[in-house]
1. Given Cα pairs under 8 Å that are at least 6 residues apart, what percent is the relative contact order of the range 138-195?
2. Given a cut-off of under 8 Å on Cα pairs at least six residues apart, what relative contact order in percent is computed for the range 3-221?
3. Using a Förster radius of 41 Å, what is the FRET efficiency between residue 176 and residue 114 based on their Cβ-Cβ separation? Nearest 0.05, please.
4. With only alpha-carbon atoms counted, please give the Rg and Dmax of the chain, in Å.
5. Restricting things to alpha carbons, tell me how big the range 73-180 is in terms of Rg and Dmax, in Å.
6. Is the range 177-234 best put as rounded, prolate or oblate by its Cα gyration tensor, with a ≥ b ≥ c the root eigenvalues, rounded for a/c under 1.5, and otherwise prolate when a/b is larger than b/c, oblate when not?
7. For the range 1-109, what percent of Cα pairs sit more than 25 Å apart?
8. Can you list the residues of the range 207-224 with backbone N under 17 Å from a point 7 Å past the Cα of residue 6, pointing along Cα to Cβ?
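Please treat every number below as a calculation from the coordinates, not as lab data. Remember, it's a predicted structure, so these values are computed and weren't measured experimentally. When we count neighbours, we look across all protein chains shown, and the Cβ atoms used for this are built from the backbone with ideal geometry, even at glycine.
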Ligand SMILES: C[C@@H](N)C(=O)N[C@H](C)C(=O)O
Ligand SMILES: [Zn+2]
């Protein structure tokens, strides 16, 4: 169990609402739908109402300094079945990319691979007390596009299983383009913080508002206040 999963959830009952994609940027087809992840009739482009309001606020803040730039919604609502599918997919990708033969791996090697997966992906738990963040409709994976609609290069792809995904990976670099990657990651972080989102400590692209991870990170920053999560699995 991760420490943030100990945070109590007091579900507020706010509904999921569709993200108005015309206001933002999005890739079609959606990355996980392209892999045939099992969404059934559900769509990844939904969020809790207040989370969406805050996201709109973050984009407005971005456009104060960067007119016509947009937030690109890579992923938002993710049912647990899709979480399970993506975790399994990522494990298989790690095995294949390292040209490993699963049948020849020791249990220790297999456990190490799963540890790498779970450093970046939440466990697809069906326990209502430990929901994967995206299953609450309160978490989003995002990046930025510039005024010409081009993806801003953040120095690594979303979902890359490597330290290059850590938000501050390029913080100490004085060279181009690494310095620019850091500046653009900081820009994304600042506009999201201005709208009260919290960032996943290992992932420059993952933000949430009102879920267990948000409450846990907020608690670290403001130890005198008591934070709970308002959003559980939906
Ligand atoms: C890996 C990334 N897409 C992601 O969403 N990670 C978080 C922690 C999750 O699985 O909820
Ligand atoms: Zn995420």
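1. Numbers: 36 pairs, mean separation 15.3, N = 58.
Averaging sequence separation for qualifying contacts and normalising by length gives 26 percent for the range 138-195.
2. Numbers: 306 pairs, mean separation 56.2, N = 219.
The normalised contact order for the range 3-221 reaches 26 percent.
3. Approximately 0.65, to the nearest 0.05.
4. Rg, Dmax (Cα atoms, Å): 17.7, 55.
5. Taking only Cα atoms of the range 73-180, I get Rg and Dmax of 16.6, 50 Å.
6. Values: a/c = 2.69, a/b = 1.93, b/c = 1.39.
Prolate.
7. Numbers: 2577 of 5886 pairs.
Of all Cα-Cα pairs in the range 1-109, 44 percent lie more than 25 Å apart.
8. So the set is 212-224.
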